[in-house]
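Just so you know, all these numbers are worked out from the coordinates, no wet-lab data involved. Given the structure is predicted, the values throughout are model-derived calculations rather than measurements. Don't worry about glycine lacking a Cβ; one is built from the backbone with ideal geometry, like all the others, and counts go over all protein chains shown.
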Amino acid sequence: MKISRLLLAVIVIGIFYSFFKIFFGIILKQPIPGSLFTMYMFFIIIGVLLVFSFTEQGAKELMSPIKDLLENPEKMMMRNVVFGIVTIFAGFITYQQVKPSFEAPLELRTIHPAPPSNISAYNKSYNLLTLENPFMKYKKEDPEKFKQLIYEGGEVYFKNCFYCHGDKLDGKGHYAHGFNPLPANFMDVGTIAQLQESYLFWRIATGGPGLPKEAAPWLSSMPVWQNFLSEEEIWKVILFLYDYTGYVPRSWEKH
Amino acid sequence: MKIKNSILVVLAILMVSSTAMAAQGDKENGKKIYEKRCVWCHSKDGTGNGPAAPFLNPPPRDFTSGMYKFKTTQFDEILPNDENIFRMIADGMPDSSMPGWKDILKEKEMWDLVAFIKTFAGLEGKPKKQIDFSKQVKSSKESIERGKKLFIDRCSECHGEEGRGDGGKKLKDDWEARTWPRNLSKPWSFRVNNDPKEIFARITAGIAGTQMPSFADPASKKKLSDEERWDVANYAASLADASKTIKEGSTVVKAKRVSGSLPEKADDPKWQEAEPTNFYLIPQIIAKERFFTPSNNSIRARAFYNDKEIAILLEWDDRTKSIPGDEKAAEVSLDGQVFEDGAAMQFPVTIPEEMEKPYFGMGDAAKPVNMWYWKSGTKDAPQAVKLLNATGFDKKEERNAAKAGLKAEGVYNKGTWRVVMKRPITTSEKDKDIQFVEGKFIPLAFAVWDGTNSEKGSKHTMTTWYWLFLKPEAGVYVYAMPVIVALLVLGGCILTARNSQKKG
């Protein structure tokens, strides 16, 4: 059976459509935003129609079922039905466009903004490029002491952090659902596994208000921990985070 | 038939093997997991005094007591079923800090934990006296009706007349920690769930370690028969209030436009016409002084507006009406101290044009916020509302609420506060007060104080930024436009067809 050229064009467009929906929406779980999607589809439809009507013959073939529908006296009934559907569809699309939308605005923010090279905390200035965890050295020098430091870091975590970041460090603490943006999930490969200890020190010591503008500091409920914890406590809790999750901090050498 | 049989066989094997796992739980391995994951709350020695414990209510279970709250064995049987312990570990206990572990631990590992934590109290052997679920009375109008009477008689002294936990009794657990009777209208806050079968188990066995008694104990004057316990369980389950469900992603309070006057009173039935939105309340654990042991967990808001005014109704369940100076209020408070209940709403002084808002915690130097702060009053002073402007946690300035036209009135009824706050849409001090605008998303945050739970000042529950939206009435064009476009398209179609036919 010969498929008409028009049907073929429609099928090709359909394939593009479902590819976008399935690949980005379901597989990557990052659906393309509505307006962008409309634009993509617009170009794809134009493109496909161009290709299909490239030759005179092709264009004629493409149009022939439409021409037939419009002209053939035997298809009167069919014609009325198609016109009806097109009319209702146009009305519906217009309604969708003009009806007031009560959806809250999307707030896009950078989750791990680039760190500044210098930060100030504890009335001091730190250079994040050279800042290191002073306790890391015990990992080799004194494993017993290192273990103890990790435990103390755990105590800091379970007195201060787990309400939000979770007992399992999965960002699902008892109160996590009350916050927007949600607390960071340390088990996720996209958080501490990608970051350096100095970065964590910055994020912990200066909290939400210490974020640069692109990360929406006015939304983040991360407390300013220099008001509650000592420097040592922050370094210990960082040890704990890596120990519990089994991740290793990024370091400069690896770059 | 064959398929059915083999499914049965597989099921049987699964059942046998899971009980086998239960019996064989490896204590040594359980200990290892416990020391990595559970000690932080339950502590190494199992007493429940881990580093996190002082910040938690309910406190972590003391395993040395051998008491388990949520079991399906009889009230006079000390042993729980292994499955009861397993279930709490696997599923966790909602609205407490005990998480479910099944997403990171294997089934075998959780049975190992069961075997290990039983050793803290030397629990051994199989429990003998099981709860008998076989005489279940199906939920029906009649059963619920009968259950209601029993509930008022047996349960309301703690759980309140309508189950919102507002019986007004001071309750403690065996370790002297404050316990709040469950608010039965919020099934999402149950440690287990509100299936009548579960509730039946709770009232049959009691909740060990708390003052919630067994209603199957023949020695008790309050004993209920099997059938009566099913009736009361059916009634308790029917108290679930779907209008308090917090919908994920529902972040907007949609104010409805009305032409006439706005409802003055909090209990005006007209409020039913405004769409409610529910939000979680979380304790203020962000800035000094932090607060860790809240008693309130959600708030509901709805709003109306007209040309001149906006009125917002806040409703939240609070088990206690806290009026300082009132003797009854002092009785319920843990240390005899009572502060006022309160509720506040926060708005930016200037509605942001772009994404940037004031800091959610009482604004910042560049972007101040308005706060409407209602307080429940004391024995000597009536309830009142304050108007505050703030540029940070400790940078508040009190302004004249009456001058801005801000009014508030609250009523407390059977465990629920309802407070209406009202203000003109615009005020004379445009640089200091938010000027409401139709059709814009306006940031809005909430805070609530329960004065009987030592909440005062920075110690309270709260939300971060959500939205208020003054919903414009749909103009005629919303309906006219689609019709016009549709007619044009139809006209176009017919014309094209005509032309084409002429040519062809």
Looking at the range B:356-414, which trypsin sites (Lys or Arg not before Pro) are DSSP coil and have at most 12 other C-beta atoms within 10 Å of their C-beta? B:K379, B:K414
Distance-filtered residues of the range B:308-348 - backbone nitrogen under 14 Å, label point 7 angstrom along B:Q211 Cα→Cβ: B:320, B:329-336
Tilt relative to chain B, helix B:82-91 - C-alpha long axis, 0 to 90 degrees, to 10: 20
Segments B:235-242, B:422-429 sorted - mean Cβ within 10 Å per residue, highest first: B:235-242, B:422-429
Before anything else, pin down the relative contact order of chain B: Cα pairs under 8 Å, at least 6 apart, normalised by residue count, whole percent. 12
Please give the net charge around A:L128, taking every other residue with its beta carbon less than 12 angstrom from that of A:L128, where Lys and Arg add +1 and Asp and Glu add -1. -1
Where does the range B:97-201 land on the Kirkwood hydrodynamic radius, alpha-carbon pairs, in angstrom? 17.3
Alpha carbon centre of the range B:328-394 versus the range A:10-35: separation in Å? 46
Once you charge only the Cβ atoms, +1 for Lys and Arg and -1 for Asp and Glu, what is the size of the charge dipole of the range B:295-432 about its Cα centre, to the nearest 20 debye? 380
For the protein assembly as shown, what percent of Cα pairs sit more than 51 Å apart? 29
Output ³J(HN,Hα) for the range A:165-180: one whole-Hz value per residue in order, computed from phi by the Karplus curve 6.51 cos²θ - 1.76 cosθ + 1.60 with θ = phi - 60°, and x for Gly and Pro. 6, x, 4, 9, 6, 9, x, 10, x, 3, 9, 4, 5, x, 10, 9
So what is Rg over Rh here for chain A, counting just Cα atoms and using Kirkwood for Rh? 1.23
Expressed as a whole number, the average count of other chain Cβ atoms within 10 Å around the Cβ atoms of A:29-41 is 0
Isotropic mean projected area of the C-alpha convex hull, the range A:159-221 (nm²): 4.4
Coarse-grained scattering of the range B:245-472 at q = 0.07, 0.12, 0.16 Å⁻¹, given as base-10 log I(q)/I(0) from a Debye sum over alpha-carbon atoms: -0.20, -0.62, -1.15
Convex hull volume per residue in cubic angstrom - Cα atoms of the range A:118-245: 110
Listed with the fewest Cβ neighbours within 10 Å leading, B:R290, B:R164 appear as B:R290, B:R164
Rounding to the nearest 20 debye, state how big the charge dipole of chain B is about its Cα centre with +1 on each Lys and Arg Cβ and -1 on each Asp and Glu Cβ. 1260
On Cα atoms only, tilt of B:226-238 relative to the major axis of chain B in degrees: 20
Going fewest to most other Cβ atoms within 10 Å around each Cβ, B:E176, B:E162, B:E198 line up as B:E176, B:E198, B:E162
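For the range B:332-448, calculate the relative contact order in percent as a whole number, restricting contacts to Cα pairs under 8 Å that are 6 or more residues apart.
This gives 28 percent for the range B:332-448.
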Using only the alpha carbons of the range A:5-98, determine the length spanned along each of the three principal axes and report them from longest to shortest in whole angstroms. 49, 35, 19
Enumerate the amide H contacts of B:R257 below 5 Å, restricted to partners 5 or more residues apart or on another chain; note that Pro and chain-start residues carry no placed amide H. B:Y305, B:K471
Positive-end residue of B:P218, B:N194, B:A205, charge dipole of the range B:183-224 with Cβ unit charges: B:P218
Starting at 0 and stepping by 5 Å, how many percent of the alpha carbon pairs of the range B:202-241 end up in each bin? 6, 25, 27, 24, 14, 4, 1
Going Cα to Cα from A:K60, which lysines come in below 20 Å? Please leave out same-chain ones fewer than 8 positions away. A:K2, A:K75, B:K502, B:K503
Expressed as a whole number, the average count of other chain Cβ atoms within 10 Å around the Cβ atoms of B:471-478 is 2
The FRET efficiency for B:V483 and B:A219, from their Cβ-Cβ distance with R0 = 56 Å and rounded to 0.05, is 0.15
Report the residues of the range B:476-503 in range of a label on A:V86: point 7 Å along Cα→C-beta, backbone N strictly under 19 Å from it. B:482-503
Show me B:204-215, A:182-193 ranked by packing, highest mean number of other Cβ atoms within 10 Å first. B:204-215, A:182-193
Quick one: net charge of B:E248's neighbours, Cβ under 15 Å, K/R +1, D/E -1? +2
Cα lying deepest toward the dipole's positive end in chain A, options A:G178, A:F52, A:N123, charges on Cβ: A:F52
A:H112 versus A:L129: modelled label distance in nm, points set 7 Å from Cα along the beta carbon direction: 2.0
According to a simple spin-label model (label point 7 Å from Cα along Cα-to-Cβ), what is the distance in nm between A:Y17 and A:S120? 5.8
0 to 90° range, to nearest 10: angle between helix B:2-24 axis and chain B longest Cα axis: 70
Among B:F200, A:F83, which comes first, second and so on when ranked by fewest other beta-carbon atoms within 10 Å? A:F83, B:F200
Once the principal axes of the Cα atoms of chain B are found, what is the range along each, listed largest first in whole angstroms? 87, 82, 50
Residue-ordered couplings for the range A:80-93, obtained by feeding phi - 60° into the Karplus form 6.51 cos²θ - 1.76 cosθ + 1.60 and rounding to whole Hz (Gly and Pro as x), are 4, 4, 4, 4, x, 5, 4, 4, 5, 4, 4, x, 5, 4
In whole Å and largest first, what semi-axes does the C-alpha gyration tensor of the range B:141-240 yield when each eigenvalue is scaled by 5 and square-rooted? 19, 16, 13
Square roots of 5 times each gyration tensor eigenvalue, C-alpha, the range B:292-405, largest first, Å: 29, 17, 15
Under unit Cβ charges (Lys, Arg +1; Asp, Glu -1), what dipole magnitude, rounded to 20 debye, does the protein assembly as shown have relative to its Cα centre? 1700
